[in-house]
Amino acid sequence: MAKRLLILSEPLTPPSYSPRLTSLIRYLSERGWQCTLESEPLPAHRRADSIFRYREYNFTKRLLRTYHAQDFDAVFCSTFYYFPLLTARSISKKWHLPLIIDVRDIAEQWGQVSYFTQSLPHLFGLEKLLSRLYVARNIRMRNRVLNNATAVTTVSPWHRQFLQSITSVPVSLIYNGYDEYELQPEDVATDYFCIAYIGRIISLRLRQPQLLFQAVSELQASMPDLQLAFYSEPELTDALRSLAEQYHIQDRLQLHHYVPRSEIQNIMAQASILVALGAPASTQQHGILGTKVFEAIGIEKPFMLIPTDEENLEQLIRQTDIGIASSDVEQIKDFITKQYTQWKQQGYTRCTITDKQRFSRAYQAKQFEQILLRYVR
């Protein structure tokens, strides 16, 4: 008899779209699992919901009205911060089903950076206090739910260590990984040597390109065909252009808006180096393994983290041998020069990834299934 899994998640649409969960559902379905995905739309009054949690209440009520305990063998909750943890706990407790929680992000990973004050009105400084109270309240709720779970999975070594310190429930590491259905190595000869950044920056205070711009500035005289391309927020166009002018590389910088997922493969294949911008050490961010490093692994493109986080992402880059994590301009220039030489010889760049298959979504789906099979009756 097929095993039946109730999956609770944020809606699988931008900005909450989860390729990780989509790949898991596809894999489990191919393996004979019956996966039922349920979520609840974002409420019209999000601030009120953060206090009263009626989104969770409505979600729980609807599920109890729609399904019965005998319809499922386990509950799987994929959570971005907090929702739908309360619903997952309520359903699994009432139906006496195993609860496996996949934690993708937590408030503590951001260190000194808060993403909760942005939506609060200015209240003469009280918004900071309200933000701290809101975060603390949600952390307490999250910890209670985690301690009532059957098993927990998460996305980085730092996350696993941190979450294991607050719960006696076993916590397993399952990387986000790359989708082998979407990303494959492709050798595309190009007329220009292009260093590409693809993704959100948020702000130039949190993701600082100065070291990269300096390296490009010092190399441009010897690399006439060097280009620097950013595919990012249109709101940062003026700031990036102004910064490029300070380093005299405005003629090398190409600014683009976000691109749909269907175009990512082509853009990455034409890039010579893919780059991620690390956070300043002062922000004390932890365990953040952006999807771009896994996409670079999938497509086998040289990768740079600038500046280095001196943590999980640097360790991953070193383990896979995909590139460098550095805050040293000379080391960055040496790496660019090495890849430039390969590009001059071949017309494209490519690198050999150590233990690449371990980071595929198919491999991670197998890890999820192994955990589920321990507890499904």
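The values are calculated or read from the model by the stated rules, or taken from the named source; none is laboratory data. This structure is a prediction, so every number in the text was calculated from the model and none was measured. Every residue, glycine among them, receives a Cβ derived from its backbone with ideal geometry; neighbour counts consider all protein chains shown. Protein only, heavy atoms only, side chains kept; ligands, DNA and RNA dropped before computing areas. Shrake-Rupley method; radii C 1.70, N 1.55, O 1.52, S 1.80 Å.
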Residues to consider are D49, D102; find the one that is in a helix (DSSP H, G or I) and either open to solvent by less than 40 Å² (accessible area, probe 1.4 Å) or modelled with pLDDT of 95 or more (or both). D49
Hits in region 145-180 - residues which are hydroxyl-bearing (S, T, Y), in contact (Cβ under 8 Å) with a residue 40 or more places away in the chain and out of contact with any Lys or Arg (no Cβ under 6 Å at 6 or more places or on another chain): T150, T153, S156, S172, Y175, Y178
With the requirement that a residue be outside any helix (DSSP H, G or I) and open to solvent by less than 40 Å² (accessible area, probe 1.4 Å), what does region 5-31 give you? L5, L6, I7, L8, S9, E10, P11, S16, S18
Give me the residue from region 319-350 that is in a loop (DSSP other than H, G, I, E, B) and open to solvent by 20 Å² or more (accessible area, probe 1.4 Å) and, out of that set, nearest to T150 (Cα to Cα). D321
Residues that are part of a loop (DSSP other than H, G, I, E, B), open to solvent by 70 Å² or more (accessible area, probe 1.4 Å) and modelled with pLDDT of 95 or more: does region 116-130 have at least one? no
Do we have L305 as in a strand (DSSP E or B), among the hydrophobic types (A, V, I, L, M, F, W, C) and surrounded by 21 or more Cβ atoms within 10 Å (Cβ to Cβ) here? yes
Taking the residues in region 63-80 that are touching a residue at least 24 places away in the same chain (Cβ under 8 Å) and of a type in the set (D, E, K, R) as candidates, determine which candidate is farthest from L99 (Cα to Cα). D71
Among (1) assigned to a helix (DSSP H, G or I); (2) in contact with a helix residue (DSSP H, G or I) (Cβ under 6 Å, 6 or more places away or on another chain), there is one condition P43 misses while meeting the rest; what is its number? (1)
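Let's see how each residue does on (1) touching a helix residue (DSSP H, G or I) at 6+ places or on another chain (Cβ under 7 Å); (2) of a type in the set (A, V, I, L, M):
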position	(1), (2)
A325	yes, yes
Q342	no, no
G347	no, no
C351	no, no
K356	yes, no
A362	yes, yes
Y375	no, no
Can you spot a residue in region 224-233 that is out of contact with any strand residue (DSSP E or B) (no Cβ under 9 Å at 6 or more places or on another chain), of a type outside the set (V, I, T) and surrounded by fewer than 16 Cβ atoms within 10 Å (Cβ to Cβ)? yes
Which residue, of V169, V145, is at pLDDT 80 or above, open to solvent by less than 40 Å² (accessible area, probe 1.4 Å) and closer than 29 Å to Q319 by Cβ? V169
